[in-house]
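**Q** Pasting a structure below so you can have a look.
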Amino acid sequence: MHPMLNIAVRAARNAGKVILRACENMSQVETSQKGSNDFVTNVDKEAELVIRDTILKAYPEHAIVGEELGHTDGKQADYLWVIDPLDGTTNFIKGIPHFAISIALKVKGRVEQAVVYDPIRDELFTASRGQGSQLNSKRIRVTKSNELAGCVLATGFPFKQKHHLDAYTEAFKALFIQTTDIRRAGSAALDMAYVAAGRIDGFYEIGLKPWDTAAGELLIKEAGGMLMDFAGGANYNNSGNIVCGAPKLCQAIVKEIRPVLTESLLK
């Protein structure tokens, strides 16, 4: 295992211990609202602190950006760790056992190492650029699905951007008619890891943030998949609008949803 991936795994497992302890005593979890339909807990923050501490002990000059604690500059600015300490906070608050820790390392703007860790199931998804993707050290691949027929997709509702609901609903209908079914589980990081593992065929969502997708991006690419924006381009990191899966399936998804989306979603 690459030394930097090893640190990412250690950080994810340390954060997992924090989250699992909290699961055993949910009465101690403090919840607040940081935006429209956007919640954070003391556990998110504690998990991020643990991740940051683990990384900075090994690489004190690296930069870090996290969902809860923002950006920390480092002398070696070419190395940027991108952290979501608890992706699926609403699931966690409600006691739904489906959430994950996401950690990615970007080197000169390109994701080189990735970890998505599900502490409830003790499932560790990892990838190093050029080395493939693994689940608990076993190689994983995206499915070979090239068309929507027979596929199971995953998605996330635009709960933070409800002004896109009409366009999203039209896109959902266009895809739902063509596919076997569509899942909405509440953690984009796990959805993308599941695409990499071939558990679901493809995934699409509106308005994601870099910490939601950075690790999943490398997991999918190293598992033989592709990512694109809603127009079929490569602007997904800027727009936050993402489609992923096997290359031909991504193209099929875009072909169905592009005609029903607004111009703002196609940028």
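**Q** Take the residues in segment 67-97 that are in a helix (DSSP H, G or I) and hydroxyl-bearing (Ser, Thr, Tyr), then tell me which one is farthest from the chain's Cα centre (by Cα).
**A** THR90
**Q** For residues that are closer than 28 Å to CYS23 by Cα, in contact with a strand residue (DSSP E or B) (Cβ under 7 Å, 6 or more places away or on another chain) and not in a strand (DSSP E or B), tally how many sit in segment 120-140.
**A** 1
**Q** Another question, if that's okay. In segment 32-51, which residue that is among the charged types (D, E, K, R) and touching a residue at least 40 places away in the same chain (Cβ under 8 Å) is surrounded by the most Cβ atoms within 10 Å (Cβ to Cβ)?
**A** ASP44
**Q** Give me a count of the residues in segment 17-31 that are open to solvent by less than 60 Å² (accessible area, probe 1.4 Å) and closer than 26 Å to PHE157 by Cα.
**A** 3
**Q** I'd like to check something: does segment 114-125 contain any residue that is within 14 Å of the chain's Cα centre (by Cα), farther than 28 Å from GLN161 by Cα and not hydroxyl-bearing (Ser, Thr, Tyr)? Working first, answer last.
**A** Here is the first cut: in segment 114-125, the ones within 14 Å of the chain's Cα centre (by Cα) are 114-118, 124-125.
When the remaining residues are screened for being farther than 28 Å from GLN161 by Cα, the result is 124-125.
Going one step further and asking which of them are not hydroxyl-bearing (Ser, Thr, Tyr), we end up with 124-125.
Yes, segment 114-125 has at least one match.
**Q** Restricting attention to segment 230-267, and to residues there that are charged (D, E, K, R) and without any contact (Cβ under 8 Å) to a residue 24 or more places away in the chain, which single residue is least open to solvent (accessible area, probe 1.4 Å)?
**A** Here is the first cut: in segment 230-267, the residues charged (D, E, K, R) are 248, 255-256, 258, 263, 267.
Subset that is without any contact (Cβ under 8 Å) to a residue 24 or more places away in the chain: 255, 263.
On the way: LYS255: 155, GLU263: 137 Å².
Only one residue fits best here, namely GLU263.
**Q** Which residues, taken from segment 100-117, are within 25 Å of GLU30 (Cβ to Cβ), in contact with a Leu (Cβ under 6 Å, 6 or more places away or on another chain) and of a type outside the set (Gly, Ala, Ser)? Steps first, answer last, please.
**A** Taking segment 100-117 first, the residues within 25 Å of GLU30 (Cβ to Cβ) are 100-103, 117.
Still in the running and in contact with a Leu (Cβ under 6 Å, 6 or more places away or on another chain): 100, 117.
Listed by number, the list holds a single entry, TYR117.
The values are calculated or read from the model by the stated rules, or taken from the named source; none is laboratory data. What you see is a predicted model; the values in this text were computed from it and never measured. When we count neighbours, we look across all protein chains shown, and the Cβ atoms used for this are built from the backbone with ideal geometry, even at glycine. For the accessible areas, the whole protein counts, side chains as well, though only heavy atoms, and no ligand, DNA or RNA atoms are used. Shrake-Rupley method; radii C 1.70, N 1.55, O 1.52, S 1.80 Å.
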